[in-house]
Amino acid sequence: MKQAQFIGVANKYKDTVFRVALNYLGNTYDAEDMMQEVFMKLFNSKNEFMSDEHIRHWLIRVTINLCKNSLRAPWKRRHVPIDELKASFVFEHEEQSAIFSAVMELKEKYRTVLYLFYYEDLTVKEISSMLNIKESAVTTRLSRAREQLKHKLKEVWQDEF
Amino acid sequence: MSFKEKYKSVFSQVRSLKAIEMEDFIMKQSIRKSGRKIVALAAAVCLLAALSVSALAMNLFGLRDMILPSGGIIDNENTNSNTETPASPKIISLQGYSDSKEYQAVAEWMAFLDSYDKDGELLAKVGNGPTGLDEKYSLYLVYTQEMADKLEEIVEKYGLKLHRAIELDLSEEDLYKRAGTGKFLGENNSSFSAYIYEDGTFHIDGEVVLDENRTIAYQMMNCVKGSFTDVILNIGNPEDYNEWTYTTSSGVTVSLSISPSKSLIIADLNNSFVTINVLAGSDPMNGAITTLDLEAFADTFDFSALN
């Protein structure tokens, strides 16, 4: 990828990559490192990208694959208490902070699916392909994640999902 | 508002604070290119047999004597695959040579971590929720009681202390005060970020203006002896390093080594073990640092102030 094009793409999608990594890895330190690693892949990539959507999907897929691999190294596994994690971000409303905590306290497998489905607007089929799991597993994870969030956020949340 | 809308409003506020700098990627790319020239690493036994040429007066095995036994397990995701047989990147202890209790403790801890919760299942269960262990072990990778017990067992076995507190983002002046060292960074050497543990173990990110054309960044780790610090460093292929000893202008003898992609300065002092990871190597794409350059670099540190 040409350097001028690279910086534009990286700045446009750095938060996307960061959020996917944060949901997968559960802490900002490793998510920041992962972001650099993913964009290094893009920098060195010889891929021809057809569109912005193509780049976005490619970046999400690469992030997930690198996150999977990184957890195999023990020093890449890190536990960060939720209060410390929450302190890394500033939320406009207390309710948003509560939602963030509730989501980040979920297991990784639920967090990632939720993020890809609700934030990145990926379909169940696309998520299934990216995570290399069955479509039924995606819908099960989504359903369980919703149940757990409903339980955790019952005072905040009374609307339908 | 639907769940989806609420979810989006929350995560739209989750952003990375890290800037994307083109220079970082160009630098890393050039390091990788030099890494591709690495030829196959012989078995450790063969390495030991070939050491007579580069054996160091102060420490017979130099860098090789700092390699952790679990060094081969580092993930190879960062090393590009190519047609040559890839060398195993090695990781070194930053706590001391292999005969030190600090090295042995970190080797044992790394071996434990390597075998524990390999699929991350336990960590996934814990998530970011409270473990009841966070207050005591927040500076280590501990998320189960079993890990806490193992860590306690190791520090007790080797008579070491665990870190309990850390101060981040210290200025150079504050670092000198907290470390109780006085000024040890010389002219043309400055720190732009530092943290310190309660016992004086500290880390610096800094840079040295080597000459008018070259400013070279470095990371320095000063591990106080008697404490358990679990910081490690990937040095790539040890065979790529040319090693020698040098007595700095501060009168302290240090071990220097240069590889195509990075250089190292190591000082085994009375109270601490110092590793300086110089982010430049002999490759023209990586700063073209020479032996004289690295010696001049080492002279910008007053190691006697740390001794």
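The values are calculated or read from the model by the stated rules, or taken from the named source; none is laboratory data. Computed from a predicted model, the values in this text were never measured in an experiment. No Cβ is skipped: glycine too gets one built from the backbone with ideal geometry, and neighbour counts run over all protein chains shown.
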What number goes with the only condition from (1) touching a residue at least 12 places away in the same chain (Cβ under 8 Å); (2) out of contact with any helix residue (DSSP H, G or I) (no Cβ under 6 Å at 6 or more places or on another chain); (3) surrounded by fewer than 17 Cβ atoms within 10 Å (Cβ to Cβ) that residue B:182 does not pass?
(2)
In segment B:109-138, what count of residues is obtained for those that are facing chain A (nearest Cβ under 9 Å) and of a type in the set (Lys, Arg)?
2
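Within segment B:144-163, is even one residue at pLDDT below 90, in a loop (DSSP other than H, G, I, E, B) and away from every other protein chain (no Cβ under 13 Å)?
No.
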Within segment B:223-232, how many residues are part of a loop (DSSP other than H, G, I, E, B), touching a helix residue (DSSP H, G or I) at 6+ places or on another chain (Cβ under 7 Å) and hydrophobic (A, V, I, L, M, F, W, C)?
0
Could you list, in sequence order, all residues of segment A:1-10 that are modelled with pLDDT under 90 and either within 7 Å of chain B (Cβ to nearest Cβ) or not in a helix (DSSP H, G or I) (or both)?
A:1, A:2, A:3, A:7
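Just to be sure I understand, how many residues within segment A:22-34 are in a helix (DSSP H, G or I) and either in contact with a Lys or Arg (Cβ under 6 Å, 6 or more places away or on another chain) or more than 17 Å from residue B:25 (Cβ to Cβ) (or both)?
9
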Among the residues that make up segment A:35-52, is at least one of them more than 8 Å from chain B (Cβ to nearest Cβ), surrounded by 17 or more Cβ atoms within 10 Å (Cβ to Cβ), under 12 Å from the mean Cα position of the chain (by Cα) and touching a residue at least 24 places away in the same chain (Cβ under 8 Å)?
no
State whether the residues of segment B:263-278 include one that is over 16 Å from the mean Cα position of the chain (by Cα) and modelled with pLDDT under 90.
no
Collect the residues in segment B:233-264 that are crowded, with 22+ Cβ neighbours inside 10 Å and assigned to a strand (DSSP E or B), keeping them in residue-number order.
B:235, B:236, B:243, B:254, B:255, B:256, B:257, B:258, B:263, B:264
For residue A:65, state whether it is in a helix (DSSP H, G or I), surrounded by fewer than 17 Cβ atoms within 10 Å (Cβ to Cβ) and within 15 Å of the chain's Cα centre (by Cα).
yes
Hits in segment B:185-202 - residues which are at pLDDT below 90 and in contact with a Phe, Trp or Tyr (Cβ under 9 Å, 6 or more places away or on another chain):
B:194, B:195
Going by what's in this entry, would residue B:101 be described as surrounded by fewer than 21 Cβ atoms within 10 Å (Cβ to Cβ) and in contact (Cβ under 8 Å) with a residue 40 or more places away in the chain?
yes
Say we look at segment A:107-140 and pick out the residues that are outside any loop (DSSP other than H, G, I, E, B) and among the charged types (D, E, K, R); which of these is surrounded by the most Cβ atoms within 10 Å (Cβ to Cβ)?
A:111
